[in-house]
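This report refers to the structure that appears directly beneath it.
The values are calculated or read from the model by the stated rules, or taken from the named source; none is laboratory data. Source: prediction; values computed, not measured. All Cβ positions, even for glycine, are placed from backbone atoms using ideal geometry, and neighbour counts span all protein chains on display.
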Amino acid sequence: MAEPHPAARRAVIADRRPSGPPDLRGIRCTACGRAAFPAQDLGCERCGADGAALRPAALAGAGTVSAAAIVHRHDGPGIGAPFTALAIVLDDGPFVHALLDGDGSPAPGTRVEAVAAGTDDDGGVVEVRFALAERAAGGAE
Amino acid sequence: MKLREMRPVYVIGIGLHRYRPLSDTPYVRLGLTAVRAALDDAGIAWRDVQGAYTGVTRLGMAVSRPMLRHLGATGIPMTQVENASASGSSAFRLACMEVAAGVSDVVLAMGVDKPAPVQRAESLAGLPSLAGGHIVPFTKYALLADEYMARYGASPADIAAVAVKNHRNGARNPFAHRRKERTPEEVLGDRPIAGHLTRLQCCPVGEGAAAVIVASGEAVDRLGADRARCVRVTASAQRSEELYGPKSFDAELTRETTAAALADAGVAPSGVDVVELHDAFSIEELQYVEAMGLCGEGEAAGRLRAGEFDIGGRCAVSPSGGLLAMGHPVGPTGVGQIAEVTRQLRGEAGDRQQPGARTGIAHMVGVGAVCIVHVLEAAVRDGAAR
Ligand SMILES: [Zn+2]
């Protein structure tokens, strides 16, 4: 089976909801209960169960910052600096790195919520950033 | 089976080509310089060497023979070893295993590398991520620094103090990439990279080579090597990442792997005199000395400030200058650590000698993540190797 186009892969990052932050598309292992991001059927990192044992699961796009860092320079192609990198413990368990939608360096413990920062032609979410929870809530009005 | 329960393995020769910025010099010349120095140091000939492992990450396929053939084509087994930053450490581990198992009596472990574009296999896994290419090693360690400062009340100056110490050590190392002492103000005021990490708190990645020769006790006697200069390898531990949640996986891996190595060697953390560790970024040293048990959690900054990890302190950490100052050419780095620990345990480290050093450890983590820890012990003073 051919690998999906990178854009198509990115389009599976999140599902929009009628209101509130988008859900992240993750999985829950039916063998051991582990929730994980991103979605994949290759195998559970805790128990090794694969394929159908890994059920798609909507993970709440909300979590708590465990660390933040303003990146002042970056050599990556097409990556502008500065931007703020975040380490986030999602409310549903997984630990992820993501980008802050905004400036500054939020303190550990700050609540953040996912925001759809980019969509494809069909309205699918291709980029998710996280914003301070009160700001994300305000922006959803 | 523990390494210590197998046939004893000794480091009998060490050699380096200085780590430095990328030059036009072919890797072959860098590598041969290190190997010839190691052979001279051991007082043996190339024909005495029965196998070779080369740690290398960015030079392409089949690196060893185009280099080692210039020592005379003896037909010995040659193998390249890639394990990210820990490539040289893995080459050394394999060489030790081969001697301990009795397969060979004398084996070369070396590393050689030059900067070049590299692709990380994880990027080929076909899985999306939220931040993709935005998260590179310095980003990850800047995040760990932020978390460490929040948890323990450490300051940017506490983290920068690691770089100040290691630049001071590197200034005394003729093989170091960076050979200049730096004040706290210089380190803190240098170009910002990410979070509180400045350029001088991030290791230079250049070119270089390192070589060590390991041998059995029988070979030491047969070749007439000086027993007092032979350093025994008493443990080799290697692990890969488990699931640690939001904890620093590098620190957790370091905790597990160092504990395993010290247990195998029968050494307590308080019995370690010299440590070479993976200080690619300044924050790592604070986390790893705690994870290794050299001090309690959250104590590293205070202990560092008190001079405990200086040369001449309770336990010298990165007397070579570490990755921050000696440099991180990647393939050679883990082998260069073994060379420095050996030099220290022989008492031959000159003006960066840790007084009375008897037990040393070498530690690397690598992308993946993997961790490798070796424990080395000095020969007893009456000249009989342990
Ligand atoms: Zn599972």
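Among the residues of the range A:93-107, is there at least one that is of a type in the set (Phe, Trp, Tyr) and crowded, with 19+ Cβ neighbours inside 10 Å? If you could, list the steps in order and put the result at the bottom.
First, pick out the residues of the range A:93-107 that are of a type in the set (Phe, Trp, Tyr): A:95.
Pick out the ones that are also crowded, with 19+ Cβ neighbours inside 10 Å and you get none.
Scanning the range A:93-107, I find no residue that is of a type in the set (Phe, Trp, Tyr) and crowded, with 19+ Cβ neighbours inside 10 Å, so the answer is no.
Kindly state which helices (runs of 4 or more DSSP H) lie completely within the range B:284-386 and contain at least 3 residues that are under 24 Å from B:SER236 (Cβ atoms) and out of contact with any Lys or Arg (no Cβ under 7 Å at 6 or more places or on another chain).
Filter on the range B:284-386 gives B:333-346.
Test B:ARG93 against the criterion of being touching a residue at least 60 places away in the same chain (Cβ under 8 Å) and within 13 Å of chain A (Cβ to nearest Cβ), and give yes or no. Before the answer, list the steps.
Working: touching a residue at least 60 places away in the same chain (Cβ under 8 Å): yes; within 13 Å of chain A (Cβ to nearest Cβ): no.
When the stated conditions are applied, B:ARG93 does not pass them.
Checking A:ARG55 against (1) within 12 Å of another protein chain (Cβ to nearest Cβ); (2) at pLDDT 95 or above; (3) under 18 Å from the mean Cα position of the chain (by Cα), which single condition isn't satisfied?
So the condition that A:ARG55 fails would be (1).
Let me spell it out: the conditions are (1) more than 16 Å from the ligand (Cβ to nearest atom); (2) within 7 Å of chain B (Cβ to nearest Cβ); (3) modelled with pLDDT of 95 or more, and A:VAL65 meets all of them except one. Which number is the exception?
The failed condition is (2).
Just for strands (runs of 3 or more DSSP E) wholly inside the range B:1-112: which have at least 3 residues that are of a type in the set (A, V, I, L, M, F, W, C) and on the phi < 0 side of the Ramachandran plot? Break it down stepwise before answering.
Details: elements: B:9-20, B:52-55, B:78-81.
Per the criteria, B:9-20.
For the range A:46-62, which positions are aliphatic (A, V, I, L, M) and away from the ligand (no atom under 16 Å from the Cβ)? Give the derivation first.
So in the range A:46-62, the residues aliphatic (A, V, I, L, M) come out as A:49, A:52-54, A:57-60, A:62.
Within the range A:46-62, A:ALA58, A:ALA60, A:ALA62 qualify.
Which one of these is within 16 Å of the ligand (Cβ to nearest atom), more than 17 Å from the chain's Cα centre (by Cα) and without any contact (Cβ under 8 Å) to a residue 12 or more places away in the chain: A:GLY80, A:GLY43?
A:GLY43
Tell me which of these A:PHE83 doesn't satisfy, since it passes every other one: (1) under 23 Å from B:LEU243 (Cβ atoms); (2) at the interface with chain B (Cβ under 9 Å from one of its Cβ atoms).
(1)
Listed here are the residues, each with its yes/no results for (1) more than 8 Å from chain A (Cβ to nearest Cβ); (2) assigned to a helix (DSSP H, G or I); (3) surrounded by fewer than 21 Cβ atoms within 10 Å (Cβ to Cβ).
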{"residue": "B:ALA145", "(1), (2), (3)": "no, yes, no"}
{"residue": "B:ALA150", "(1), (2), (3)": "no, yes, yes"}
{"residue": "B:ALA154", "(1), (2), (3)": "yes, no, yes"}
{"residue": "B:ALA157", "(1), (2), (3)": "yes, yes, yes"}
{"residue": "B:ASN173", "(1), (2), (3)": "yes, no, no"}
{"residue": "B:ARG178", "(1), (2), (3)": "yes, no, no"}
{"residue": "B:GLU181", "(1), (2), (3)": "yes, no, yes"}
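Restrict the check to the range A:16-30 and report whether at least one residue is surrounded by fewer than 17 Cβ atoms within 10 Å (Cβ to Cβ), within 16 Å of the ligand (Cβ to nearest atom), over 18 Å from A:GLU127 (Cα atoms) and more than 8 Å from chain B (Cβ to nearest Cβ).
Yes - at least one qualifying residue is present in the range A:16-30.
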